[in-house]
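S.K.: One structure is given below, represented as C-alpha cells, and several questions about it will come after.
The values are calculated or read from the model by the stated rules, or taken from the named source; none is laboratory data. Here the structure is a predicted model, which means the values were calculated and not measured. Positions of Cβ are backbone-derived with ideal geometry, glycine not excepted, and every protein chain shown enters the neighbour counts. Calculation scope for accessible area: heavy atoms of the full protein, side chains included, ligands and nucleic acids excluded. Shrake-Rupley method; radii C 1.70, N 1.55, O 1.52, S 1.80 Å.
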Amino acid sequence: MDIVNSCDPQGPLAAVLEELTQSAEIIGLDDRTLQKLRHPKRTFIVSIPVLMDDGGLNVFTGYRVQHNIDRGPAKGGIRYHPDVSLEKTVALSMLMTWKCAVVDIPYGGAKGGIICDPADMSKNELEHMTRRYTTELIDVFGPERDIPAPDMGTGPEVMGWIMDTYSMNKGYSVPGVVTGKPLSIGGARGRSKATGRGCVFVIREAAKREGIELDGATMVLQGFGNVGSALAELIVPLGVKVIAIGDVAGSIYNSGGLDIAALKRFSDEAGSVVGFPESEPLDNGDLLTLDCDILVPAALEGQINDCNAADISARLVVEAANAPTTPEGDRILNERGIVIVPDILANAGGVTVSYFEWVQSLQAYFWTEEQVNLRLEDVMTRAFENVYDEAKKRDLDMRTAAMTVAVGRVAEAITDRGIFP
Ligand code: NAD
C-alpha cells in the first residue's frame with residue numbers, strides 16, 4: 001500500500017527522472033546514454049512466506065532493484081517499511097547510482113525493501129523474513145555483484161542475518177556481501193555514525209561558503225533515528241543549537257537548544273523524542289517551518305513540498321534523508337534563495353564508509369576508527385568542493401550541479417565500456 005501524498009502528487013520516480021533529464025540537457029548527454037540511464041538494469045520481486053508467532057502465515061512482498069553497474073557492483077540499502085513500493089525502490093536505486101558517482105566510489109546503484117511494519121513484528125519473525133528474502137535473492141547478491149546495506153527499519157542485526165544466510169548457502173563466510181554489519185563479523189568502525197558524520201562535514205563546508213557562523217547557529221531536525229541522532233550529537237560540538245527535533249510520534253522544541261546526549265538516552269528508552277522533560281511539545285506540521293538557520297530533513301521522502309516550501313525560513317537545507325524535497329518544493333526554495341545541499345551529496349557518508357567496510361572485508365585487514373573518519377572527511381570535503389565548483393562554473397544550484405557531476409561520471413563509464421553486445 002502506498003500513501004498518496006497530495007503535497008507530492010508526482011511521486012519520487014518522476015522527480016528523479018526529471019532531475020536526470022535536466023542534467024542530461026545541461027551536459028549535452030547523447031540520447032542513447034540517457035535512455036540507458038532512465039531504466040533500471042534489473043528488477044526483482046519476491047514473495048516471502050513467513051510463519052508468524054501466532055501460527056499463521058504472512059506472505060510479504062520484497063524488491064531488489066539494480067539501477068546501474070557500469071562503475072562497479074550494485075550497492076544500496078534495504079528498507080523495511082509499510083510504504084515500500086516498486087516505484088520508490090526504483091527511484092531510490094537511481095539515487096544510489098548518482099550518490100556513489102558524486103563521491104567517486106567504484107559502485108553502481110541498487111535498492112531493496114520489504115513491505116512490512118518492523119515495529120509490529122517480533123525479532124523471530126524479522127529474522128525469518130530476512131533469511132527467506134536473502135535466500136530468494138541468493139544469486140543476485142554477492143561481494144562482486146550486489147552489496148546490501150541498512151536503510152530505514154534495518155540495521156546491523158539484519159545485516160548479520162543476511163551475511164549468515166548468504167554464507168550458509170555458499171558454505172563459507174562471505175563478510176563482503178553486506179555492509180553495516182556488526183563489528184564482530186567484519187563491520188567497519190565508525191559505520192553506524194557515518195551518514196550523520198558525513199552530513200556534518202558538508203554542513204561545515206556549506207556554512208563556510210555561505211557565510212553562516214556555526215557557533216550559535218540554530219538547527220531544526222526531522223528524524224532522530226540512525227542518521228538524525230548521530231548528526232545531532234556531532235553537530236553540537238561545533239556550537240550549533242538544535243532547537244527542535246521531530247520523529248514519527250511528534251516533535252519537541254527548546255529555544256535554548258536541546259541536550260542531545262540526554263535526549264538520546266530518553267528516546268532510546270521511550271522509543272520517541274516526545275515527552276522529553278526539557279522541551280515543549282510541537283506539532284509535526286509546524287516543525288519544518290520553524291525559524292532556524294539550518295533545516296535538516298532526516299526521515300522520509302517528499303517532506304518539503306508545494307504545501308510548505310513557501311513557509312520554510314532556514315538559510316540552508318541539508319538533505320540527510322533521501323528525496324525529502326519534491327521538485328516543486330525544490331523550485332520554491334531555489335526561487336527564495338535558500339541553499340539546498342542535495343541528498344546524493346549530503347547523506348553519502350554512509351555509503352562511503354560502507355565502501356571502506358567492503359574494502360576491509362575483502363582484504364581481511366581492518367582500519368582504526370580514526371582512519372575511517374579521516375578518510376570519510378577527505379571524501380566528503382572533496383565531493384563538496386567538486387559540486388560547489390561545478391555549481392559556480394555552470395551557474396547551477398547545488399542539486400543540479402551534483403547531478404551533472406554524477407551523471408557525467410556514469411556516462412563516461414558507459415562510453416568507455418560501450419553497449420553490450
Ligand atoms: P531510521 O529508521 O533509523 O530513523 C528514521 C527516523 O525518521 C525516526 O526517528 C522516525 O521516527 C522518523 N520518522 C519516520 N516517519 C516520520 C514522519 N512521518 N514524520 C517525522 N519523522 C518520521 O532511519 P535512518 O537510517 O536514520 O534513515 C533516515 C533517512 O536517511 C532515510 O531517508 C534514509 O533513506 C536516509 N539515509 C540513511 C542512511 C543510513 O546510513 N542509515 C544513509 C543514507 C541515507
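S.K.: For G76, only one of the following conditions fails: (1) in a helix (DSSP H, G or I); (2) open to solvent by less than 10 Å² (accessible area, probe 1.4 Å); (3) not acidic (D, E). What is its number?
M.R.: (1)
S.K.: For segment 336-355, enumerate the residues that are in contact with a Ser or Thr (Cβ under 9 Å, 6 or more places away or on another chain) and more than 13 Å from the ligand (Cβ to nearest atom).
M.R.: Correct list: I338, I340.
S.K.: Given (1) within 14 Å of the ligand (Cβ to nearest atom); (2) of a type in the set (A, V, I, L, M); (3) assigned to a helix (DSSP H, G or I), identify the lone condition not met by L37.
M.R.: (1)
S.K.: Sort out which residues of segment 215-238 are open to solvent by 20 Å² or more (accessible area, probe 1.4 Å) and without any contact (Cβ under 8 Å) to a residue 40 or more places away in the chain, and write them in order of number. Step through it out loud before you land on a result.
M.R.: Going residue by residue through segment 215-238, those that are open to solvent by 20 Å² or more (accessible area, probe 1.4 Å) are 215-216, 218, 222, 224-227, 233-234, 236-238.
Of everything in segment 215-238, those that are open to solvent by 20 Å² or more (accessible area, probe 1.4 Å) and without any contact (Cβ under 8 Å) to a residue 40 or more places away in the chain turn out to be D215, G216, V236, P237, L238.
S.K.: Now a separate question. Within segment 259-282, how many residues turn out to be closer than 16 Å to L231 by Cβ and away from the ligand (no atom under 16 Å from the Cβ)?
M.R.: Counting residues in segment 259-282 that are closer than 16 Å to L231 by Cβ and away from the ligand (no atom under 16 Å from the Cβ) gives 2.
S.K.: Listed residues M159, M152, M168; which is within 16 Å of the ligand (Cβ to nearest atom), open to solvent by 20 Å² or more (accessible area, probe 1.4 Å), over 21 Å from E377 (Cα atoms) and of a type in the set (A, V, I, L, M, F, W, C)?
M.R.: Numbers: M159 fails: open to solvent by 20 Å² or more (accessible area, probe 1.4 Å); M168 fails: within 16 Å of the ligand (Cβ to nearest atom).
From the options M159, M152, M168, the qualifying one is M152.
S.K.: Could you check segment 79-104 and list, in sequence order, the residues that are more than 10 Å from the ligand (Cβ to nearest atom), under 14 Å from the mean Cα position of the chain (by Cα) and not in a helix (DSSP H, G or I)?
M.R.: Once the filter is applied, which keeps residues that are more than 10 Å from the ligand (Cβ to nearest atom), under 14 Å from the mean Cα position of the chain (by Cα) and not in a helix (DSSP H, G or I), segment 79-104 yields only V103.
S.K.: Contact list please: Cβ distance under 8 Å, first residue in segment 240-258 and within 16 Å of the ligand (Cβ to nearest atom), second residue of a type in the set (F, W, Y), pairs at least six apart or on different chains.
M.R.: From segment 240-258, the pairs are A244/Y253; I245/F224; G246/F224; D247/F224; I252/F276; L258/F276.
S.K.: Assuming I27 fulfils every condition listed in (1) surrounded by 18 or more Cβ atoms within 10 Å (Cβ to Cβ); (2) in contact with a Gly (Cβ under 8 Å, 6 or more places away or on another chain) apart from one, which condition is it?
M.R.: Of everything listed in (1) surrounded by 18 or more Cβ atoms within 10 Å (Cβ to Cβ); (2) in contact with a Gly (Cβ under 8 Å, 6 or more places away or on another chain), I27 misses just condition (1).
S.K.: Report yes if L333 is within 14 Å of the ligand (Cβ to nearest atom), out of contact with any Asp or Glu (no Cβ under 7 Å at 6 or more places or on another chain) and either among the aliphatic types (A, V, I, L, M) or open to solvent by 10 Å² or more (accessible area, probe 1.4 Å) (or both), otherwise no. Walk me through how you get there before you give the answer.
M.R.: Values: within 14 Å of the ligand (Cβ to nearest atom): no; out of contact with any Asp or Glu (no Cβ under 7 Å at 6 or more places or on another chain): yes; either among the aliphatic types (A, V, I, L, M) or open to solvent by 10 Å² or more (accessible area, probe 1.4 Å) (or both): yes.
Judged against the criteria, L333 is not a match.
S.K.: Please count how many residues of segment 88-107 are open to solvent by 10 Å² or more (accessible area, probe 1.4 Å) and over 13 Å from S354 (Cα atoms).
M.R.: Matching residues across segment 88-107 total 4.
S.K.: On to the next question. Scan segment 198-226 residue by residue and report those that are at pLDDT 95 or above, within 13 Å of the ligand (Cβ to nearest atom) and assigned to a helix (DSSP H, G or I).
M.R.: G198, C199, V202, listed by residue number.
S.K.: Which residues, taken from segment 107-134, are without any contact (Cβ under 8 Å) to a residue 40 or more places away in the chain, more than 14 Å from G160 (Cα to Cα) and out of contact with any Phe, Trp or Tyr (no Cβ under 9 Å at 6 or more places or on another chain)?
M.R.: Within segment 107-134, A119, D120 qualify.
S.K.: In this structure, is L316 within 15 Å of the ligand (Cβ to nearest atom) and assigned by TED's automatic domain parsing to the domain that holds E210?
M.R.: Details: within 15 Å of the ligand (Cβ to nearest atom): no; assigned by TED's automatic domain parsing to the domain that holds E210: yes.
Considered against the rule, which asks whether it is within 15 Å of the ligand (Cβ to nearest atom) and assigned by TED's automatic domain parsing to the domain that holds E210, L316 comes out as no.
S.K.: Let me ask something additional. Among the numbered conditions (1) closer than 30 Å to T89 by Cβ; (2) among the polar types (S, T, N, Q); (3) more than 22 Å from the chain's Cα centre (by Cα), tell me where S267 comes up short.
M.R.: (3)
S.K.: So for segment 59-67 (the condition being touching a strand residue (DSSP E or B) at 6+ places or on another chain (Cβ under 7 Å) and surrounded by fewer than 18 Cβ atoms within 10 Å (Cβ to Cβ)), does at least one residue qualify?
M.R.: Of segment 59-67, the ones touching a strand residue (DSSP E or B) at 6+ places or on another chain (Cβ under 7 Å) are 59-67.
Right, trim to surrounded by fewer than 18 Cβ atoms within 10 Å (Cβ to Cβ) and you get 59, 61.
Yes, there is a match, as at least one residue in segment 59-67 is touching a strand residue (DSSP E or B) at 6+ places or on another chain (Cβ under 7 Å) and surrounded by fewer than 18 Cβ atoms within 10 Å (Cβ to Cβ).
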